[in-house]
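Q: One structure follows; several queries about it will come next.
The values are calculated or read from the model by the stated rules, or taken from the named source; none is laboratory data. Computed from a predicted structure; not experimentally measured. Because the Cβ atoms are built from the backbone with ideal geometry, glycine has one as well, and the counts that use them run over all protein chains shown.
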């Protein structure tokens, strides 16, 4: 039927690498007019990169993107060709009101020499009427509800009459009813011939709304199927890497006394969550992006203040909302984003290593003891096999893996009883990954309790004694890695039942 | 950038403040060969920049935590006025000096509290205290200059123990103490870490709020000390005497940044910046350049030096 016509969107031979790290490798994709394609994939499968390239924000290393047969170049090119993206963060300017956001980057209607704000306001009200009719127009959008904000971002996208519309987890902060309203809009667009890429973590939406499901895994499209021809479990199986020669499950470690107790811990979008970690135990935490994995660690580690609940370390309650209190109690946290949460780029390797234990490394008057610092440098470079030119080398000159080892060394210098590691092997080379994993095993063997968040489910399965699955901020499952595989873990992450 | 410092050509390492300073010295020596290099002139130059050096070193601490303090000039003026009024009222010199410095500490606490705990931007907070302090100084003096300060107070700024101006000795001491704090103590590490990446510092267990607060306390105390010395040197307290120190202290830190390898504020670089500004001022005076033109030239120097440090920052 649509054979003769060029599809609304055609992606061919797309390849992209950040440095030597390949994120997309030969992706082909075709979306005809008037179809909604769901884009599924584990964290790190390459979804975000694909979206960035299609929306023109990122130039691919190789391959091309065509809209109705015309090639694209850059954001302006993508806009001109009718590719419009509603990002997960919506891209609104918080301090402007609905109308000002609607007209961001577009000319206002004019009357003579002047902008006609009254007309712009009427137009905004009309555009929002179908989506979120009671949206106040005269307040900064920061004060509006999630659904109203989503409506503004969506209305703005629709104004541009998109040929290809990319919706990146649009329902992440919407209720069931609000989601239905959004679906109505999507269906109407489909009738009008818009091609839609719909990125979601919610399996039910795929089956309710989409014409096709595209599954990304290991940098490629591994499946492009009709929902009617598949089911949620089969999709999860497609997303799961089933590499041959996966590490065999480890024998169980003897668990000691409880070292970390988390009791009804509640944060902004997490909890209440309760669990315990024993000495010598590695607890893995799995969950999709936005499931609250990182926030859970930040609450325990004192970076964020909890709203309710308690953290105990070695039987004693830890004062919430203070990393210092947590460290003093024996809980150390390595954050998810190395550049943002860990590295002081203007400092040397030595300064970055010392940062967590300045008090111990200085004498009575707060005077830094150079000899102690150098001893720490020697100890950690040997223990973690950090490759650095010397203690004074700027940290930014090290590879990602070695930077991560420096951060781990910083944390180990505080002699923690509980180690919280958020994506400890993200963005490091294979050798460093292996070194970090064996270090985690060693620490547990020496009696520490370790909590690891990782998107690499294979890593979690080979590393952990227990895997906690978080869904929408709640503890959804507590799995034994010896009885689970990547498929079961991911299925639970998508809210599947046992 | 992965090359180490030793691999850079010597000229590149000398770029920025050191090179500019050498160029200025050469220029003025050639143009006024008898007057500029004269020991008397150089001693005069040092005495002249000592007060700025103290404020700039204090400002360096605040800028090391990636904030800045616009109120240092107003604090210096206010501190001079407070000391003068107390001395006139018959307080002993020691007590008046201590009270003025304590005032500076309190101002620093207020600035630090506004910035670190109420989350006001450093710009808004210190602009507000600057404005309020300027009003306070004018109120306490009725807008006029206070004369008749006792002789032992004047020794602070005008005394010459062993032939060296006391202000220069005090400035050297302050510079040494702040250098020591920044580069040899745990507190210095905290300042630099918070300035480099406040979020990473928090993850590493550093109390970011306290660290920023303490930096403002140092700048408040330093500015107050500078204000005292200024009043003593001038043998009078004027309600706006210290005001120009704000811009020049920030300029000195920026010029100093062009000299540092790690592109973070440091006392050595800042003092170099102070000397650059001092030599420029002194040399242009000797050449009878219109003081208004001097101001324009100072502005140009700041733009050029900051531009240089930006370019280098991008390369690395």
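Q: Across segment A:159-195, what is the number of residues that are farther than 20 Å from residue A:34 by Cβ and touching a residue at least 24 places away in the same chain (Cβ under 8 Å)? Can you show your working first?
A: Kept after step one, since they are farther than 20 Å from residue A:34 by Cβ, are these residues of segment A:159-195: A:168-169, A:171-181.
From what is left, the residues that are touching a residue at least 24 places away in the same chain (Cβ under 8 Å) are A:168-169, A:171-175, A:178-179, A:181.
Here the count works out to 10.
Q: OK, next. Scan segment A:301-344 residue by residue and report those that are more than 13 Å from chain B (Cβ to nearest Cβ), in contact with a helix residue (DSSP H, G or I) (Cβ under 7 Å, 6 or more places away or on another chain) and over 17 Å from residue A:412 (Cβ atoms).
A: A:306, A:311, A:316
Q: Hey, another quick one. Can you name the strands (runs of 3 or more DSSP E) wholly within segment A:192-236 that have at least 1 residues being surrounded by fewer than 16 Cβ atoms within 10 Å (Cβ to Cβ) and touching a strand residue (DSSP E or B) at 6+ places or on another chain (Cβ under 6 Å)?
A: Those strands (runs of 3 or more DSSP E) span A:220-225.
Q: Here's something else I'd like to know. What do you reckon, is residue A:440 within 28 Å of residue A:327 (Cα to Cα) and assigned to a strand (DSSP E or B)?
A: No: the conditions fail for residue A:440.
Q: Shifting gears a bit: Are any residues in segment A:467-498 touching a helix residue (DSSP H, G or I) at 6+ places or on another chain (Cβ under 7 Å) and in a strand (DSSP E or B), and if so, which ones?
A: Result: A:467, A:469, A:470, A:471, A:476, A:477, A:479.
Q: Follow-up question, since we're still on this one. I'd like to verify a number: residues in segment A:392-426 that are part of a loop (DSSP other than H, G, I, E, B) and closer than 12 Å to residue A:343 by Cβ, how many?
A: Final tally of qualifying residues: 1.
Q: Suppose we keep only residues that are in contact (Cβ under 8 Å) with a residue 40 or more places away in the chain and surrounded by 15 or more Cβ atoms within 10 Å (Cβ to Cβ) within segment B:111-126. Which one would you say is nearest to residue B:70 (Cα to Cα)?
A: B:126
Q: May I pose another question? So in segment A:290-321, with the set limited to residues that are under 28 Å from residue A:169 (Cα atoms) and surrounded by fewer than 17 Cβ atoms within 10 Å (Cβ to Cβ), which one is farthest from the chain's Cα centre (by Cα)?
A: Looking at residues that are under 28 Å from residue A:169 (Cα atoms) and surrounded by fewer than 17 Cβ atoms within 10 Å (Cβ to Cβ), I get A:307.
Q: Within segment A:40-62, identify whether any single residue is loosely packed, with under 15 Cβ neighbours inside 10 Å, at positive phi and either over 30 Å from the mean Cα position of the chain (by Cα) or in contact (Cβ under 8 Å) with a residue 40 or more places away in the chain (or both), and answer yes or no.
A: No - not one qualifying residue is present in segment A:40-62.
Q: Another one. Tally up the residues in segment A:370-400 that are surrounded by 15 or more Cβ atoms within 10 Å (Cβ to Cβ), in contact with a strand residue (DSSP E or B) (Cβ under 7 Å, 6 or more places away or on another chain) and within 13 Å of chain B (Cβ to nearest Cβ), please.
A: 3
Q: In segment A:358-369, what count of residues is obtained for those that are facing chain B (nearest Cβ under 7 Å), surrounded by 15 or more Cβ atoms within 10 Å (Cβ to Cβ) and in a helix (DSSP H, G or I)?
A: 1
Q: Looking at (1) more than 20 Å from the chain's Cα centre (by Cα); (2) surrounded by fewer than 17 Cβ atoms within 10 Å (Cβ to Cβ), which is the one condition that is false for residue A:472?
A: Result: residue A:472 fails condition (1) only.
Q: With the condition being more than 11 Å from chain A (Cβ to nearest Cβ) and modelled with pLDDT of 95 or more, I'd like the helices (runs of 4 or more DSSP H) fully within segment B:140-203 carrying at least 3 qualifying residues. Before you say what the answer is, go through the steps one by one.
A: Numbers: elements: B:151-158, B:166-184, B:186-196, B:198-203.
Here the list reads B:166-184.
Q: Continuing with the same structure: Looking at B:58, B:76, B:83, which one is surrounded by 19 or more Cβ atoms within 10 Å (Cβ to Cβ) and more than 11 Å from the chain's Cα centre (by Cα)?
A: Numbers: B:58 fails: more than 11 Å from the chain's Cα centre (by Cα); B:76 fails: more than 11 Å from the chain's Cα centre (by Cα).
Answer to the selection: B:83.
Q: Additional query: Give segment B:243-263 a look and list any residue that's within 14 Å of chain A (Cβ to nearest Cβ) and surrounded by fewer than 21 Cβ atoms within 10 Å (Cβ to Cβ), or say none.
A: Correct list: B:260, B:261, B:262, B:263.
Q: Here's a follow-up. Could you check segment B:165-187 and list, in sequence order, the residues that are in contact (Cβ under 8 Å) with a residue 12 or more places away in the chain, closer than 24 Å to residue A:342 by Cβ and crowded, with 18+ Cβ neighbours inside 10 Å?
A: Those that are in contact (Cβ under 8 Å) with a residue 12 or more places away in the chain, closer than 24 Å to residue A:342 by Cβ and crowded, with 18+ Cβ neighbours inside 10 Å: B:182, B:187.
Q: What are the pairs with Cβ atoms under 8 angstrom where one residue, in segment B:15-41, is at positive phi and the other, located anywhere, is modelled with pLDDT of 85 or more? Sequence gap at least six, or different chains.
A: B:16/B:255
Q: If you don't mind, another one. Show me the helices (runs of 4 or more DSSP H) entirely contained within segment A:14-109 in which 1 or more residues are touching a helix residue (DSSP H, G or I) at 6+ places or on another chain (Cβ under 6 Å) and farther than 30 Å from residue A:430 by Cβ.
A: Passing ranges, in order: A:98-102.
Q: Can you pull out the residues in segment A:447-465 that are surrounded by fewer than 20 Cβ atoms within 10 Å (Cβ to Cβ) and either free of Cβ contacts under 8 Å to residues at least 12 places away in the same chain or more than 16 Å from residue A:433 (Cβ to Cβ) (or both)?
A: Hit for segment A:447-465 is A:447, nothing else.
Q: Restrict the check to segment B:273-286 and report whether at least one residue is outside any loop (DSSP other than H, G, I, E, B), more than 14 Å from chain A (Cβ to nearest Cβ), under 11 Å from the mean Cα position of the chain (by Cα) and crowded, with 24+ Cβ neighbours inside 10 Å. Let's see the steps before the verdict.
A: Of segment B:273-286, the ones outside any loop (DSSP other than H, G, I, E, B) are B:273-286.
With the extra rule that they be more than 14 Å from chain A (Cβ to nearest Cβ), the set shrinks to B:273-286.
Now drop any that are not under 11 Å from the mean Cα position of the chain (by Cα), which leaves B:273-274.
Those left that are additionally crowded, with 24+ Cβ neighbours inside 10 Å: B:273-274.
Checked against the condition, which is being outside any loop (DSSP other than H, G, I, E, B), more than 14 Å from chain A (Cβ to nearest Cβ), under 11 Å from the mean Cα position of the chain (by Cα) and crowded, with 24+ Cβ neighbours inside 10 Å, segment B:273-286 yields at least one hit.
Q: To continue, here is another question. Pull out all pairs, ordered by first then second residue, where Cβ-Cβ is under 8 Å, the residues are six or more apart or on different chains, the first lies in segment A:345-357 and is without any contact (Cβ under 8 Å) to a residue 24 or more places away in the chain and facing another protein chain (nearest Cβ under 7 Å), and the second is surrounded by 24 or more Cβ atoms within 10 Å (Cβ to Cβ) and part of a strand (DSSP E or B).
A: none
Q: Could you check segment A:157-177 and list, in sequence order, the residues that are loosely packed, with under 15 Cβ neighbours inside 10 Å and within 24 Å of the chain's Cα centre (by Cα)?
A: The answer is A:175, A:176.
Q: Out of segment B:230-240, which residues are crowded, with 24+ Cβ neighbours inside 10 Å and in a helix (DSSP H, G or I)?
A: B:230, B:231, B:232
Q: Are any of the residues in segment A:326-333 under 22 Å from the mean Cα position of the chain (by Cα) and either in contact (Cβ under 8 Å) with a residue 12 or more places away in the chain or part of a strand (DSSP E or B) (or both)?
A: Within segment A:326-333, one or more residues are under 22 Å from the mean Cα position of the chain (by Cα) and either in contact (Cβ under 8 Å) with a residue 12 or more places away in the chain or part of a strand (DSSP E or B) (or both).
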